[in-house]
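**Student:** Below are the structure tokens for one structure; questions will follow.
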Amino acid sequence: MSAPQRQSEANQMNRRDPSYRRGVSAGSILRTVLEHGPVARSTIARLTGLSPASVTGHTAELAQQCFIRELPQTTRSKGVGRPHMPVDLDISGYLVAAVHVAVAHTTIALLDLRGRVLVQHQEPHSEAEPLAVVSRASEILARLLEEHSAGRVPLGLGVATGGWVDREAGTLVEHRLLGWRDVPLRELFAERTGLLVEVDGHSRALLQAERLFGVARGRNSVMHLFIGNVVDAAFAAGESVHYGPRSQAGAIAHLPLAGNTEPCFCGRAGCLQAALSEPTLARRAFDEGIITEPEFPLLLETARYGDPGALRLFAERARDIGRATAMLTDVFGPELVVVVEPGVMLLDGNLSVLRDEVRTRAWSSLADVTQTVVPTGFAPDSILAIAGGSVILDALYRDPLALLAACEDARSAQSSGIHA
Ligand SMILES: [Zn+2]
């Protein structure tokens, strides 16, 4: 039997398992409380389609596990009838830990259950060797937990990075710019932190974050584009983000950008990543004498000061992202496209350039692009921390009871000295 068949059989068995169904219902209630809280149980029943008795049972269990709390105030409709006791998320009991590995640095952070960054630290790679990076990040995380958790229990550690990450195997399969291959990130971080660890690609992780806390709430189909040192995409339909075998979906780095001749390390020319990535843009700016060092942060800073040459390069990049967006929109037909790219997020006019290009190039008839193509609403300085944290927060809002059980397993394995 192939791995996908085994997986599908396991899923079907899971779905018949009452504890699986209980966990999924608890997850749907917790998501409703996140989005609508403070909210009455009767409203939760209406929004989730669960019976009032089932909602009462699940909310009692979620309250007992400190995921939600009953609000002290009670309100009555026109002073008559039974009082409504709204419930809201309880953010005082737990937090999640986050690590994001970028090409030049690692971000280590703690987030609350609303996906808000409580504290973060950015550590440049002194050497980009996997064991050194993981060990250093784990040390910093231990310090952040000691100084900032304020009694809140960490539910787990989410690790996100670019490139190809196999979520199920817990492995970074390949990240060409870091020079990493087949790095068992989940195992390495679990050994060093003693926490429950999940790993994922950052575009998928951010797509989950947008659906839980950001601009994609309530949208049915969403495409996420991440344009940084690496170029990645992710796609979600209904409740689920598409992974594909070994989590390879979304690898758009080597799709061709029409008319572009930038050489790519893969041997071809005009690949999206070669054309759009930060090193390419920084090198072009340096060659044109716009900046004195070929460093992307310097280019972004120069553009923010209004340098016409730097602004032109970002506008060209926005136009090219618009072309790629049009092509991908024709393939997937998403209801919403969320773009993470500093120029579009921070420089006036770039978003319009991108949208104009999508409007002109896409064959599919799009609704108003000002509504369907949007930048992320997350602050640029918190986005990497949110990517890491969302890997665990996604698991929490899918099935809080299963996450809590896995978290307790990890803690008892840690205290008995067993490492998975
Ligand atoms: Zn290529």
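The values are calculated or read from the model by the stated rules, or taken from the named source; none is laboratory data. Since we're looking at a predicted model, the values are computed, not measured. Reconstructed Cβ throughout: ideal geometry from the backbone, glycine too, with neighbour counts over all protein chains shown.
**Student:** Looking only at region 143-165, which residues are surrounded by fewer than 22 Cβ atoms within 10 Å (Cβ to Cβ) and either assigned to a helix (DSSP H, G or I) or at positive phi (or both)?
**Tutor:** Arg143, Leu144, Leu145, Glu146, Glu147, His148, Ala150, Gly151
**Student:** Let me ask you something else. May I ask you to verify whether Arg136 is among the basic types (Lys, Arg), touching a residue at least 12 places away in the same chain (Cβ under 8 Å) and within 25 Å of Cys66 (Cα to Cα)?
**Tutor:** no
**Student:** Counting residues that are among the polar types (S, T, N, Q), which helices (runs of 4 or more DSSP H) fully inside region 341-420 reach at least 3?
**Tutor:** The qualifying helices (runs of 4 or more DSSP H) are 350-361, 369-372, 400-415.
**Student:** Here are the criteria: (1) among the charged types (D, E, K, R); (2) surrounded by fewer than 24 Cβ atoms within 10 Å (Cβ to Cβ); (3) in contact with a helix residue (DSSP H, G or I) (Cβ under 6 Å, 6 or more places away or on another chain). Tell me which single one Asp232 does not satisfy.
**Tutor:** Unmet condition: (2).
**Student:** What is the residue count in region 216-262 for residues that are within 16 Å of the ligand (Cβ to nearest atom) and not in a loop (DSSP other than H, G, I, E, B)?
**Tutor:** Residues flagged as within 16 Å of the ligand (Cβ to nearest atom) and not in a loop (DSSP other than H, G, I, E, B) within region 216-262 amount to 5.
**Student:** Taking the criterion of being assigned to a helix (DSSP H, G or I), closer than 30 Å to Pro334 by Cα and within 16 Å of the ligand (Cβ to nearest atom), would at least one residue in region 279-290 satisfy it? First the steps, then the outcome.
**Tutor:** At the first step, the residues of region 279-290 found to be assigned to a helix (DSSP H, G or I) are 279-287.
Restricting the remaining residues to those that are closer than 30 Å to Pro334 by Cα gives 279-281.
Narrowing further to those that are within 16 Å of the ligand (Cβ to nearest atom): 279-280.
Checking region 279-290: at least one residue is assigned to a helix (DSSP H, G or I), closer than 30 Å to Pro334 by Cα and within 16 Å of the ligand (Cβ to nearest atom).
**Student:** Give just the number: which of (1) within 26 Å of Glu301 (Cα to Cα); (2) in contact (Cβ under 8 Å) with a residue 40 or more places away in the chain; (3) more than 12 Å from the ligand (Cβ to nearest atom) does Leu272 not satisfy?
**Tutor:** (3)
**Student:** Among the residues of region 345-356, is any within 16 Å of the ligand (Cβ to nearest atom) and outside the structural domain of Gly162 (by TED's automatic domain parsing)?
**Tutor:** For region 345-356, residues within 16 Å of the ligand (Cβ to nearest atom) and outside the structural domain of Gly162 (by TED's automatic domain parsing): absent.
**Student:** Next question. State whether one or more residues within region 313-333 are more than 25 Å from Ala234 (Cα to Cα) and in contact (Cβ under 8 Å) with a residue 12 or more places away in the chain.
**Tutor:** Yes, there is a match, as at least one residue in region 313-333 is more than 25 Å from Ala234 (Cα to Cα) and in contact (Cβ under 8 Å) with a residue 12 or more places away in the chain.
**Student:** Looking at region 26-67, which of its residues are touching a residue at least 60 places away in the same chain (Cβ under 8 Å) and surrounded by fewer than 21 Cβ atoms within 10 Å (Cβ to Cβ)?
**Tutor:** Passing the criteria: Arg31, Glu35, Glu61, Gln65.
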